[in-house]
1. Output wanted: per-residue J couplings in Hz (rounded whole) for the range 25-42, from phi through Karplus 6.51 cos²θ - 1.76 cosθ + 1.60, θ = phi - 60°, x for Gly and Pro.
2. What ³J(HN,Hα) values, in whole Hz, does the Karplus curve 6.51 cos²θ - 1.76 cosθ + 1.60 give for the range 70-79 when θ = phi - 60°, with x put for Gly and Pro?
3. Can you send over the solvent-accessible area of R53, 1.4 Å probe, protein chains only, in Å² to the nearest 10?
4. Could you calculate the contour length gain from A8 to D28, that is, 0.36 nm times the residue separation minus the distance between their Cα atoms, to one decimal place in nm?
5. Looking only at L37, L18, L26, which one moves most when the chain is put into a Gaussian network model with springs between Cα atoms under 10 Å?
6. Over 19 Å, how big is the tail of the calculated P(r) for the chain, in percent of all Cα pairs?
7. Please identify the GluC sites (Glu not before Pro) of the chain that satisfy two criteria: DSSP loop assignment and at most 14 other Cβ atoms within 10 Å. Which are they?
8. Taking the Cα centre of the chain as origin, work out the dipole magnitude from +1 charges on Lys and Arg Cβ and -1 charges on Asp and Glu Cβ, in debye rounded to 20.
Amino acid sequence: MKQCTHAAALPHPEPEPLDPTCPECLRDGTHPVQLRLCLTCGHVGCCDSSPGRHATEHHEKSGHPVMRTFEPGEDWRWCFVDHVLV
């Protein structure tokens with residue numbers, strides 16, 4: 001079973017969200033489907049079902065490996081590098 005090799009290096013406590021919603025969607029005038037929180041820096045981005053795919057774009061530009069859902073009642077995490085739930 002594949003495991004995330006990045007979770008142990010994440011900051012504790014996790015970073016505070018930099019925004020309440022996806023700033024790139026606000027800038028572009030689009031609507032985020034669901035939000036994701038970068039666990040390295042606190043960037044809030046939209047999921048891959050959103051037009052901009054800004055959480056993935058943030059990972060691709062920054063190299064930050066792990067995000068978590070930023071949706072109420074959800075608590076899962078995803079490693080972009082290892083392609084696994086954390």
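The values are calculated or read from the model by the stated rules, or taken from the named source; none is laboratory data. Please read all numbers here as calculations on a predicted model, not as lab measurements. Heads up, the Cβs are rebuilt from the backbone with ideal geometry, glycines too, and the neighbour counts pull from every protein chain shown. What goes into the accessible areas is simple: the full protein's heavy atoms, side chains included, and nothing from ligands, DNA or RNA. Shrake-Rupley method; radii C 1.70, N 1.55, O 1.52, S 1.80 Å.
1. Using θ = phi - 60°, the values come out as 5, 4, 4, 7, x, 10, 10, x, 6, 9, 9, 10, 10, 5, 8, 9, 10, x Hz.
2. With the stated coefficients, the range 70-79 comes to 10, 9, x, x, 10, 9, 7, 10, 9, 9 Hz.
3. 100 Å²
4. 3.7 nm
5. Comparing L37, L18, L26 in a Gaussian network model of the chain, the most mobile one is L26.
6. 32 percent
7. Here the GluC sites (Glu not before Pro) that fit, given the DSSP loop and packing criteria, are E74.
8. Here the size comes out at about 180 debye.
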